[in-house]
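Let me begin by presenting the structure, written as structure tokens, before commenting on it.
The values are calculated or read from the model by the stated rules, or taken from the named source; none is laboratory data. This one's a predicted model, so the numbers in the text were calculated from it and none came from an experiment. Heads up, the Cβs are rebuilt from the backbone with ideal geometry, glycines too, and the neighbour counts pull from every protein chain shown.
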Amino acid sequence: MSDDTKPPADDPKATAPEAVVGSEDLHATDLDLTEANAAGDTAPVRIGERRGMFGPTRGSDTTGYGGLRTPILFPGASEKPYGSYFDELTTTLEQALGTTGDTAYGSAVERVVVDRGELTLHIRREALPAVARALRDDPALRFEICTGVSGVHFPGEAGRELHAVYHLLSITHNRRLRLEVSAPDDDARIPSVVETWPAADWHERETWDMFGIVFEGHPSLTRILMPDDWPGHPQRKDYPLGGIPVEYKGGTVPPPDERRSYN
Amino acid sequence: MTTHDDTIYEEIPADEQSPGLDPALGDGQGDPYATTDADREDGARVFNASGGDWGDLVDEATALHEERIVVNMGPQHPSTHGVLRLILELDGETVTEARAGIGYLHTGIEKNMEFRSWVQGVTFCTRMDYLTPMFQEATYCLGIERLLGIEDQIPERASIIRVLMMELTRINSHLVCLGTGGMELGATTVMTVGFRERERILRIFEAVTGLRMNNAYIRPGGVAQDLPHGCLDQINDTVPQLRAGLRELELLLNENPILKGRTKEVGYLDLAGCMALGITGPILRSAGLPHDLRKSQPYCGYETYDFEVITRTGADAYDRIRIRLDEMYESLKIVEQCVERLKKVHGPVMVEDKKIAWPAQLSVGSDGQGNSLDHIREIMGTSMESLIHHFKLVTEGFRVPAGQAYVPIESPKGELGCHVVSDGGTRPYRAHFRDPSFNNLQAVAALSEGGQVADVIVAVASIDPVMGGVDR
């Protein structure tokens with residue numbers, strides 16, 4: 001790296017570009033992360049931080065790895081052209097949603113991520129029903145089937161802890177698309193898409209059951225897998241796995257969530 | 001360290017005991033879990049059918065002169081295809097409302113997978129839909145491979161073996177569907193023929209993977225191990241036997257007047273209904289749409305195999321039976337093509353990358369499948385580095401770059417997909433399975449409302465739900 005392109009800084013390591021984005025960089029610090037998030041939309045999205053490598057992270061840590069802090073970086077927004085059918089799809093959606101109003105493409109779609117050959121549209125939650133209807137009804141889009149709703153809990157992503165992920169399938173055009181909608185933990189509400197895709201009924205109930213995301217407008221949002229009076233939402237990261245120690249030949253094996261982990 | 005002596009079972013005070021333990025509750029006739037009139041706010045009479053003379057119960061119920069009856073069928077009922085609970089509102093013999101209650105077999109597999117390494121996840125997801133273990137393994141591993149970016153490094157032989165095993169599993173699953181479906185109609189011969197033929201396939205699975213079910217055979221990067229010696233001959237011998245068995249099933253079912261009377265125009269769901277409810281698989285194809293992911297979005301090299309997508313237009317339970325029968329013949333065609341290819345294609349069955357490929361090897365000894373002595377000799381006696389490598393990969397596992405992937409495949413029941421999310425660690429951050437049975441069970445109301453009670457059984461059997469997959 002030549003010196004003239006390098007911005008002046010106190011800590012050269014923190015400003016070196018490879019230290020900013022590489023998720024394989026195990027020695028990144030907080031300083032790197034601030035820069036990574038400030039670098040714009042295309043920078044990887046930080047969804048959390050991993051501490052240590054394995055074994056205890058404090059107290060009896062003898063490895064020296066306990067203090068290691070690694071950012072968890074997800075692929076950031078992609079730049080046009082996206083490739084494949086993705087450009088045509090996003091352009092059509094842009095036309096279908098229009099350019100003005102609350103549900104205009106620019107305000108409805110927060111981020112377009114093309115990663116590993118899959119297209120993900122991050123949708124602002126208020127705009128989800130309109131986007132869903134456009135995706136289903138526009139002849140050039142025609143996503144007839146919502147194959148499922150999956151939840152993901154990112155406790156480290158402040159203000160966007162709970163994600164609902166919709167996988168759409170268009171049999172007409174033989175295309176796939178992923179919608180991702182996020183909600184903060186203390187206001188876990190996302191509009192329901194059951195009106196557009198009745199198939200999402202049980203999937204949304206499952207996501208409510210497992211993550212506690214309230215799908216507003218769902219005809220009967222009740223628990224589906226857990227008993228009706230179950231406390232908590234089991235798939236959230238703060239919900240323990242549970243389990244009891246198992247004895248075998250005089251030794252005790254702790255439950256899986258208390259064993260040494262390599263994360 | 002704890003010993004057995006340390007285990008203390010506390011005496012539970014009477015007022016904290018589970019209500020089920022209190023004989024004063026319940027119906028007072030020795031069934032603490034029975035529903036009572038006190039559970040009902042509107043004061044409707046509740047009947048619990050648990051043994052005794054059925055005629056007495058019917059007499060008692062008819063004496064009320066109440067036409068509208070809510071019947072709770074399941075979760076323990078021999079004809080509900082596992083622990084499915086059906087809540088039926090009846091007007092005489094007609095079903096006016098049907099609801100499915102699920103969750104009785106929820107085992108938290110997805111949560112458990114988040115606490116195991118990526119490779120260990122295979123042994124968990126194989127247990128979801130226990131009739132299609134290979135398919136869960138395949139979609140999970142294809143997802144991981146996409147995250148790892150090694151999709152094009154999977155050896156050809158591994159892909160062929162995957163296709164071979166998946167197609168055998170498809171026949172296996174369809175045979176159980178027809179067999180248990182037949183049994184639910186009271187036709188036990190269909191069941192005995194179906195399970196007899198399935199046994200032939202399970203014998204192949206046992207020879208290849210060491211297990212009849214829950215195989216954990218398809219692994220990230222390939223398959224657990226190559227086919228054993230003589231396996232291709234075994235498959236070659238089995239295929240004609242299966243053909244003969246399928247022919248027997250066809251002769252038994254296709255023109256059987258009782259079966260046709262029970263299944264024709266029963267459980268009707270047209271294309272618009274399928275689309276709205278997100279139905280895939282044989283139910284969708286019985287409505288006439290030739291949608292099959294093996295053709296439309298091929299994976300594992302399915303585009304290079306010669307087979308037909310079977311469709312019919314009756315959109316009823318009968319056509320779904322016929323589609324499953326015909327699909328098994330198509331699967332046999334693919335199996336034969338796989339055998340031909342496997343005779344020519346040799347080489348590894350796992351990716352080259354030693355940071356991903358499972359280091360342990362298995363071999364067949366006199367007492368069955370077990371550790372490869374050669375491998376153990378190497379890591380324990382010859383190479384310290386091999387031991388370290390083995391230890392690291394088996395205990396810690398490999399890291400998968402952060403991101404998410406969804407690679408759906410065509411399972412016997414429809415679209416099966418795994419939404420895998422990685423945070424760059426050695427464990428799945430989230431693995432959500434889109435199980436076709438879970439989605440398709442939503443159609444119970446559409447399939448059975450307005451029909452007879454007996455048709456509910458047929459309609460549910462034509463969905464072919466497996467509760468292990470539905471509840472996960």
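For every residue, the table says whether it meets (1) more than 14 Å from the chain's Cα centre (by Cα); (2) among the hydroxyl-bearing types (Ser, Thr, Tyr); (3) away from every other protein chain (no Cβ under 14 Å).
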| residue | (1), (2), (3) |
| --- | --- |
| B:ILE87 | yes, no, no |
| B:THR94 | yes, yes, yes |
| B:GLY101 | yes, no, no |
| B:ARG127 | no, no, yes |
| B:TYR130 | no, yes, yes |
| B:GLU145 | yes, no, no |
| B:LEU148 | yes, no, no |
| B:ILE171 | no, no, yes |
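Search the range A:88-109 for residues that are over 12 Å from A:ALA132 (Cα atoms) and free of Cβ contacts under 8 Å to residues at least 12 places away in the same chain and pair each with any residue that is of a type outside the set (Asp, Glu) and surrounded by 16 or more Cβ atoms within 10 Å (Cβ to Cβ) when their beta-carbon atoms are under 8 Å apart and the residues are at least 6 apart or on different chains. Listed by first residue and then by second, the contacts come to A:GLU94/A:TYR105; A:GLY98/A:TYR105; A:THR99/A:TYR105; A:ALA104/A:LEU97. Do we have B:ILE356 as in contact with a helix residue (DSSP H, G or I) (Cβ under 6 Å, 6 or more places away or on another chain) and of a type in the set (Val, Ile, Thr) here? Taking the combined requirement at face value, the residue does not satisfy it. Comparison of A:THR147, A:THR172 shows that the only residue that is surrounded by fewer than 22 Cβ atoms within 10 Å (Cβ to Cβ), outside the structural domain of A:GLY48 (by TED's automatic domain parsing) and among the polar types (S, T, N, Q) is A:THR172.
Exactly one residue among B:TYR429, B:TYR406 is within 18 Å of B:CYS125 (Cα to Cα), in contact with a Cys (Cβ under 8 Å, 6 or more places away or on another chain), in the same structural domain as B:PRO133 (by TED's automatic domain parsing) and modelled with pLDDT of 90 or more, and that residue is B:TYR406.
Taking the range A:148-263 and the strands (runs of 3 or more DSSP E) fully enclosed by it, the elements with 1 or more residues that are over 27 Å from A:VAL45 (Cα atoms) are at A:162-170, A:214-216, A:246-248, A:251-253.
Pairs please, first residue from the range B:398-410 and within 10 Å of chain A (Cβ to nearest Cβ) and over 17 Å from B:GLY424 (Cα atoms), second anywhere and assigned to a strand (DSSP E or B) and among the hydrophobic types (A, V, I, L, M, F, W, C), Cβ atoms under 9 Å, 6+ apart in sequence or on different chains. Hits for this filter: B:VAL407/B:CYS418; B:VAL407/B:VAL420; B:PRO408/A:LEU169; B:PRO408/B:LEU416; B:PRO408/B:CYS418.
Among the conditions (1) under 23 Å from A:ASP209 (Cβ atoms); (2) surrounded by fewer than 24 Cβ atoms within 10 Å (Cβ to Cβ); (3) more than 9 Å from chain A (Cβ to nearest Cβ), B:ARG427 misses just one, which is (3). Within the range B:455-472, the set of residues being within 8 Å of the chain's Cα centre (by Cα) and more than 14 Å from chain A (Cβ to nearest Cβ) comprises B:VAL466 only. Comparison of A:GLU258, A:GLU180 shows that the only residue that is at the interface with another protein chain (Cβ under 10 Å from one of its Cβ atoms) and at pLDDT below 90 is A:GLU258.
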